[in-house]
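This is the structure I have questions about; it appears just below.
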Amino acid sequence: MSKNRKMTCPDCGVLMNHHALKIDYTASLDEPEAIDTDLGGIVEEAHTCPACGRTRLRRQDAAPGDE
């Protein structure tokens, strides 16, 4: 997870649960410099809100405020 930073749900403000790391192969078309060359895409974290069920993704290397 990105430096163990928690993600807050934009809908209800509850801390979201980190579920998985996924490789987004299509995002690399927009940001070729961000590609993990070993994986061929951009690694993203998947988070889900335990309160409202909303799901969000963010790049694993996202800086605070970039989510």
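Condition first: part of a loop (DSSP other than H, G, I, E, B), of a type outside the set (D, E, K, R) and either modelled with pLDDT of 90 or more or open to solvent by less than 90 Å² (accessible area, probe 1.4 Å) (or both). Now tell me which residues in the stretch 26-36 satisfy that.
Ile35
Still on this structure, I have one more. Could you check the stretch 37-49 and list, in sequence order, the residues that are among the charged types (D, E, K, R) and part of a strand (DSSP E or B)?
Glu44, Glu45
Within the stretch 4-22, track down each residue that is without any contact (Cβ under 8 Å) to a residue 60 or more places away in the chain, open to solvent by less than 80 Å² (accessible area, probe 1.4 Å) and either over 25 Å from Cys52 (Cα atoms) or assigned to a loop (DSSP other than H, G, I, E, B) (or both).
Arg5, Cys9, Pro10, Cys12, Gly13, Val14, Met16
The values are calculated or read from the model by the stated rules, or taken from the named source; none is laboratory data. For clarity, every value in this text was computed on a predicted model and none was experimentally measured. Neighbour counts run over all protein chains shown; Cβ positions are idealised from the backbone, glycine included. Ligands, DNA and RNA are excluded from the accessible area calculation, which covers all protein heavy atoms including side chains. Shrake-Rupley method; radii C 1.70, N 1.55, O 1.52, S 1.80 Å.
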